[in-house]
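Contents: one structure, followed by commentary.
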Amino acid sequence: MVKRDYTIENASGLHARPVSLIVAAASKYSEVTMSLSKKGQAVDLKSILGVMSLSIGQYDEIRIEATGSQAEEALNSVEKVMVENQLI
């Protein structure tokens, strides 16, 4: 299992467009289980509705966990999307 903590820096938080990109990046790794949590509430990172249900805003702290043979690669891919979209 690989886990990383992030602080969302984007003034709009995690809104629909970047969430769809993050979910798409995570979904490329079908053999990896990924979750995103905020304040202890975890959702499937491959679910747009799940991620949106957390209402993640600016300065919120999140944790992403990945389990599977390509967990590190999957997490790196998701992190790259977040950096490219100036979320973290």
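Carbon-plus-sulfur fraction of the accessible area of the chain, 1.4 Å probe, in percent?
Exposed carbon and sulfur together represent 48 percent of the surface.
How far apart, in nm, are two points set 7 Å out from the Cα along the Cα-to-Cβ line at Glu73 and at Met1?
2.3 nm
With a sphere of radius 11 Å drawn around the Cβ of Ile64, what net charge do the other residues whose Cβ falls strictly inside it have (Lys, Arg +1; Asp, Glu -1)?
Values: positive: Lys3, Arg4, Lys38, Arg63; negative: Asp5, Glu65, Glu79.
So the environment of Ile64 carries a net charge of +1.
From the list (1) 19, 13, 12; (2) 34, 18, 11; (3) 29, 15, 12, can you say which value of semi-axes √(5λ) of the Cα gyration tensor in Å was derived from the structure given?
Correct label, based on the coordinates given: (1).
Relative contact order for the chain: what is it in percent, counting Cα pairs under 8 Å that are at least 6 residues apart? Intermediate values should be presented prior to the final figure.
Numbers: 163 pairs, mean separation 40.0, N = 88.
Contact order relative to length: 45 percent.
Set the Förster radius R0 to 22 Å, insert the Cβ-Cβ distance between Asp60 and Lys28 as r into 1/(1 + (r/R0)^6), and round the FRET efficiency to 0.05. Mind showing how you got there, number by number?
Numbers: r = 25 Å, r/R0 = 1.14.
After rounding to 0.05, the efficiency reads 0.30.
The values are calculated or read from the model by the stated rules, or taken from the named source; none is laboratory data. Quick caveat, the model's predicted, so the values are computed rather than measured. Cβ atoms come from the backbone with ideal geometry, glycine included; neighbour counts cover every protein chain shown. Side chains are part of the model used for accessible areas, which takes the heavy atoms of the whole protein and leaves out ligands, DNA and RNA. Shrake-Rupley method; radii C 1.70, N 1.55, O 1.52, S 1.80 Å.
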